[in-house]
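Below: one structure, written as structure tokens.
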Amino acid sequence: MSFNVENLNEQKKQELLKTVSGGRRPHAVLVDGGSEKEREEIAYLLAKIYVCEEATDSSPCNMCSSCRKSDEKIHPDIIRVTKDPDKKYYRKNEDVRPIVEDAYQTPNESKVRVIIIPEMQLMKVESQNVLLKILEEPPTYTAFILTAESANNVIGTVLSRVSRFRIGENDNDLVFKEKTLEIVKNISEALSSNYEFDIISATAPLDGNKQRIVEVLTALSVFFRDALAIKNGSKSLIADLEPQAERVANSFPVSTLLNFYESTNDLLKLTQGNPNYNLLVAQLCVNLRNK
Ligand SMILES: [Zn+2]
């Protein structure tokens, strides 16, 4: 069974090809929306492009032995993770830790080994955090393709590590509260200001509100990821903040954007423990002043 790209409309087709085109393929892709069957087929198509010996920028050659093996689902470098079918969710130790260990195995015959992790809505936050470790620093020869019913099923830190291909239309978009978007927008504007006070006043509504801080850090992490993606010619994940992400992308060099992104992710990780939230917001202000 091989996926028929013709099933996608022209715009979606271009988007799909763009996901894996360009000089450097992303080391992790999230396929979300559509039906489970569509997600599975697109995941396999992307994997086929990754392992094809003669792939052009955006499509598999369909002739080489890698492509044949991909179509027959017998390619040794395309691994599809399975969870225990008797369990509703991926188990952290039995299902997810082995993925992390497995990621260090070198490819058998292709340049890349592709690990497909299906249906992330079945992986709880705690397990996704285990997976995050390998997504942060994957071996250069390993690529991941994740699928999910919706991008909202994926935690922010994981989301900020992936390129995204959304099968459906806007109905499945990332959802952040209006208040969260407003705070991120204000922070993005304060970034360009020379007054320290502007960052402090943009983050003032966070004021020890734990849930809001976590959501804003998540959105901010994805926002900086978006700014980096825009610099690389890709699209935003948060459509509502695309103009802001574009402006930030144009205002700062990649190194500064990376600093913003990494330091925000570091703070986001701290929220999984039991941090002092006032200190955390103070640190966020310091990080964002540090250009
Ligand atoms: Zn091929």
query: Over the chain, what is the relative contact order in whole percent, taking alpha-carbon pairs under 8 Å and six or more residues apart?
result: 18 percent
- prompt: Roughly what angle does helix 242-251 make with the longest principal axis of the chain, taking Cα atoms, 0 to 90 degrees, to the nearest 10?
  reply: 80 degrees
task: Go through K37/K73; K12/K133; K185/K210 and tell me which ones have a Cα-Cα distance over 22 Å in this structure.
output: K12/K133
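Hey, can you rank 139-146, 80-87 by average C-beta count inside 10 Å, highest first?
Numbers: 139-146: 20.6, 80-87: 12.1.
For the peptides 139-146, 80-87, the packing ranking is 139-146, 80-87.
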task: Label segment 32-147 by shape, choosing from rounded, prolate and oblate, from the square roots a ≥ b ≥ c of the eigenvalues of the Cα gyration tensor; if a/c is under 1.5 it is rounded, and otherwise prolate applies when a/b is larger than b/c, oblate when it is not.
output: prolate
message: If I stretch the segment between K87 and D207 completely, what's the gain in nm (0.36 nm per residue apart, minus their alpha carbon distance), one decimal?
response: 39.2 nm
message: Sequence gap at least 6, Cα distance under 8 Å: using those rules, report the relative contact order of segment 73-182 to the nearest whole percent.
response: 26 percent
Degrees between helix 125-136 axis and first principal axis of the chain (Cα, 0 to 90, nearest 10): 80 degrees
Helix axis angle, 36-51 relative to the chain longest principal axis, alpha carbon, degrees: 80 degrees
- line: Note to self, the chain gives a 222 nm [θ] from helices alone (DSSP H runs n ≥ 4, -39500 (n - 2.57) apiece, / all residues, nearest 500) of -15000 deg cm²/dmol
field: Residue-normalised accessible area of segment 178-289, expressed per residue, 1.4 Å probe, Å²
entry: 48 Å²
statement: HN-Hα couplings for segment 208-225 via Karplus (6.51, -1.76, 1.60; θ = phi - 60°), in whole Hz with x for Gly/Pro, come out as x, 7, 3, 4, 5, 4, 4, 5, 5, 4, 4, 5, 5, 4, 5, 4, 5, 4
task: For segment 195-231 and segment 66-112, write down the distance between their C-alpha centroids in whole Å.
output: 35 Å
message: Using a 7 Å offset from the Cα along the Cα-to-Cβ direction at both V100 and E189, what is the distance between the two label points in nm, to one decimal?
response: 4.1 nm
query: With every protein chain present, what accessible area does D77 have (1.4 Å probe, heavy atoms only), rounded to the nearest 10 Å²?
result: 0 Å²
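The values are calculated or read from the model by the stated rules, or taken from the named source; none is laboratory data. Small disclaimer: the values here were computed from a predicted structure and weren't measured. A quick note on method: Cβ atoms are made from the backbone with ideal geometry, for glycine too, and the neighbour counts reach across all protein chains shown. Accessible surface is based on the protein model in full, side chains and every heavy atom, while ligands, DNA and RNA are left aside. Shrake-Rupley method; radii C 1.70, N 1.55, O 1.52, S 1.80 Å.
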